[in-house]
Amino acid sequence: MTALATPRRTRLRLRLIEHAMPALRMLRTLLRFAAMTATGFAIGIGIALAVPLAFHARPLVVLSGSMEPTLGTGDVSVVRTIAPLDARPGDVVTFRDPDNADRLITHRVREMHAQGGSVVFRTRGDANTASEDWQVASSQEIGRVVYRIPKLGWALMYARSKGLFVLMLGGALALLLVLELASIWRTEENDSDQGA
Amino acid sequence: MSSAIAPIRTVGIATGLALAALMVLALRVPASGQSLGAGVRMAAVAPGEVHVPRTGAFLKVGGLEPGGKSVRAALPVTNVTRGPVDVRLRARMGNHDLDRAVHVQLRVGGRTLASTTLAGLRRWTSSLRLNKAEERVVRVRAWIPEGAQNTTGRRVAVDLELDAKLTKVSRR
């Protein structure tokens, strides 16, 4: 009885697998597509962070909520360097804190005017109630926020705090991922070659 | 099979790149695009012989552009003495930023008292005779001619100073 049942079970299993194969193939295709989309997205974000460096712009991490909701804490703001007189009321600009030159502030221009060789600004964070007045020589430069990437700043900050180790680890993991994906493709290609 | 994988790879990466581009576009912080013209504020400073009804600035403009529209204002001046007075005007400014860029025209009726730059208006205009209790309106027009440079964001506060001299009336 059992000797007869075994081939029958095997046949059933084979039939089940046969029926499930298209669905599995579809799932594998979808996963592959999702992985490629994620890779493309990561490449795109990398480009969005790296390319501005070639065009007098740089990414900065937002550390406070003073510009909420325009800029959130942990966002990366990509800031383009401009002459002070190229700013306009309503622009979001990055400038050195008048009280602490090591600190950068990103706030919205409320008023501005030129005075002699300087440009006088009144700025305020969108979430703040107090404005700050500061001035900069018209020959110097300030930044204007062009776009932001939400919450990526946390990852950048973390990587920076852990130093090169994390970057190397991340790089190695990325390399592993790429190699793994490449091996999957290669296996698929070999299978298809044998099949043909 | 490899020919089936390649499009998935290409389309997947292209979709990811497009999503990243869309995200960046959606999260742009747009420049305000507001204009930043020159600002002129003009207030009259009158002596006791004449009266100007307005206190503070009678002309206030914040967006003068080279070759743009001119701004106009009126300043009524009344003789409050018992005889005729000759009134003349000049400009006093705290800075020279717009001295050569802003042009000003002062007219009373059909007569032009001055048509010059702000720098030129630092000198007294020609006189305007006001009889006893007479009120005349000084019409002020200010503009920046095409081609003027270094005006962006500049501001000037002008005190339009009036000088009044009692005129001797010849008696017959």
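The values are calculated or read from the model by the stated rules, or taken from the named source; none is laboratory data. A quick note: this is a predicted structure, and the numbers were derived from the prediction, not measured. All Cβ positions, even for glycine, are placed from backbone atoms using ideal geometry, and neighbour counts span all protein chains on display.
Scanning the range A:129-139 turns up no residue that is farther than 28 Å from B:Arg41 by Cα, surrounded by 14 or more Cβ atoms within 10 Å (Cβ to Cβ) and within 13 Å of chain B (Cβ to nearest Cβ).
Name the residue, out of A:Arg32, A:Arg80, A:Arg88, that is under 30 Å from A:Val119 (Cβ atoms) and in contact (Cβ under 8 Å) with a residue 60 or more places away in the chain.
Values: A:Arg32 fails: under 30 Å from A:Val119 (Cβ atoms); A:Arg88 fails: in contact (Cβ under 8 Å) with a residue 60 or more places away in the chain.
A:Arg80 is the lone residue from the list that is under 30 Å from A:Val119 (Cβ atoms) and in contact (Cβ under 8 Å) with a residue 60 or more places away in the chain.
Just so you know, in the range B:39-56 the residues that are more than 14 Å from every other protein chain (Cβ to nearest Cβ) and surrounded by fewer than 17 Cβ atoms within 10 Å (Cβ to Cβ) include one that is modelled with the lowest pLDDT, and it is B:Arg54. The single condition among (1) exposed (fewer than 15 other Cβ atoms within 10 Å of the Cβ); (2) at pLDDT 85 or above that A:Leu4 does not satisfy is (2). Taking each residue of the range A:150-172 that is outside the structural domain of A:Leu71 (by TED's automatic domain parsing) and of a type in the set (Gly, Ala, Ser) and looking for partners that are modelled with pLDDT under 80 and part of a helix (DSSP H, G or I) with beta-carbon atoms closer than 6 Å, six or more apart or interchain, yields A:Ala159/A:Val166; A:Ala159/A:Leu167.
Given the residues A:Leu169, A:Leu164, A:Leu177, A:Leu156, which is the only one that is at pLDDT 70 or above, more than 30 Å from B:Ala31 (Cα to Cα) and away from chain B (no Cβ under 13 Å)? Break it down into steps so the answer makes sense when it comes.
Details: A:Leu169 fails: at pLDDT 70 or above; A:Leu164 fails: at pLDDT 70 or above; A:Leu156 fails: more than 30 Å from B:Ala31 (Cα to Cα).
Going through A:Leu169, A:Leu164, A:Leu177, A:Leu156 in turn, just one is at pLDDT 70 or above, more than 30 Å from B:Ala31 (Cα to Cα) and away from chain B (no Cβ under 13 Å): A:Leu177.
Among the residues of the range A:23-42, are any outside the structural domain of A:Val109 (by TED's automatic domain parsing), part of a helix (DSSP H, G or I), closer than 18 Å to A:Arg148 by Cβ and not polar (S, T, N, Q)?
The initial filter retains those residues of the range A:23-42 that are outside the structural domain of A:Val109 (by TED's automatic domain parsing), namely A:23-42.
Now drop any that are not part of a helix (DSSP H, G or I), which leaves A:23-42.
Right, trim to closer than 18 Å to A:Arg148 by Cβ and you get A:41-42.
Narrowing further to those that are not polar (S, T, N, Q): A:41-42.
Yes - at least one qualifying residue is present in the range A:23-42.
Take the residues in the range A:55-79 that are under 18 Å from B:Ala26 (Cβ atoms) and more than 13 Å from the chain's Cα centre (by Cα); name whichever of them is surrounded by the fewest Cβ atoms within 10 Å (Cβ to Cβ). Filtering first and then ranking leaves A:Pro69.
Report, by residue number, each residue of the range A:43-54 that is exposed (fewer than 15 other Cβ atoms within 10 Å of the Cβ), within 11 Å of chain B (Cβ to nearest Cβ) and under 11 Å from the mean Cα position of the chain (by Cα). A:Ile43, A:Gly46, A:Ile47 - these are the residues of the range A:43-54 that are exposed (fewer than 15 other Cβ atoms within 10 Å of the Cβ), within 11 Å of chain B (Cβ to nearest Cβ) and under 11 Å from the mean Cα position of the chain (by Cα). Going through (1) farther than 30 Å from A:Pro89 by Cα; (2) more than 8 Å from chain A (Cβ to nearest Cβ) one by one, B:Thr15 falls short only on (2).
Taken over the range B:22-38, the criterion of being within 8 Å of another protein chain (Cβ to nearest Cβ) and not in a helix (DSSP H, G or I) is satisfied by B:Leu27, B:Arg28, B:Val29, B:Ala31, B:Ser32, B:Gly33, B:Gln34, B:Ser35, B:Leu36. Which of the following residues is free of Cβ contacts under 8 Å to residues at least 12 places away in the same chain and farther than 30 Å from A:Ser138 by Cβ: B:Leu22, B:Leu75? When all the criteria are applied, what remains is B:Leu22.
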